[in-house]
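Structure record follows, encoded as structure tokens.
Each reported figure results from applying straightforward, stated rules to the coordinates on display, with no laboratory input. For clarity, every value in this text was computed on a predicted model and none was experimentally measured. Here the Cβ is made from the backbone with ideal geometry for all residues, glycine too, and neighbour counts use every protein chain on show.
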Amino acid sequence: MAKWTPRHEAPEPLEGPIVATITGGTILWFVMFLVQVPFYGWFDDHDLTWWVWTCLAGGGLGLIGIWYVRGRDAALKRAREAAEAAGTPDTGPRA
């Protein structure tokens with residue numbers, strides 16, 4: 001098993017517009033749900049109603065994701081401000 005162990009450092013995580021990305025994805029899930037609702041009968045006839053409910057579940061989970069990443073973003077900003085006020089170098093990710 002030792003030969004499969006990587007011998008290099010893991011790269012730093014990529015940071016980007018996380019809140020905007022999650023919000024955009026959530027909007028897309030809800031739009032896909034709303035587009036499919038008028039055709040629910042067709043989905044039901046073909047035993048594909050799971051497509052409709054998957055989109056609704058994706059939108060609902062996206063709302064939880066928005067709440068989570070907004071809190072994470074606020075916590076990162078608070079930690080950065082506290083580090084700047086204390087005069088210590090900030091080693092956390094940038095948001």
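The angle separating the long axis of helix 49-86 from the principal Cα axis of greatest extent in the chain is about 20 degrees.
Fully extending the segment from residue 75 to residue 45, taken as 0.36 nm per residue of separation minus the present Cα-Cα distance, adds 6.0 nm. Simple spin-label estimate for residue 67 and residue 53 gives 2.2 nm between the two label positions (7 Å along the Cα-to-Cβ direction from each Cα). Every helix of 4 or more DSSP H residues in the chain counts as -39500 (n - 2.57), and over all residues that averages to -23000 deg cm²/dmol at 222 nm.
Across the chain, the convex hull enclosing all Cα atoms gives 148 Å³ per residue.
The C-alpha atoms of the chain define a longest principal axis, and helix 18-36 lies at about 0 degrees to it. Normalised by the number of residues in region 17-83, the average gap of Cα pairs under 8 Å and 6 or more apart makes the relative contact order 44 percent.
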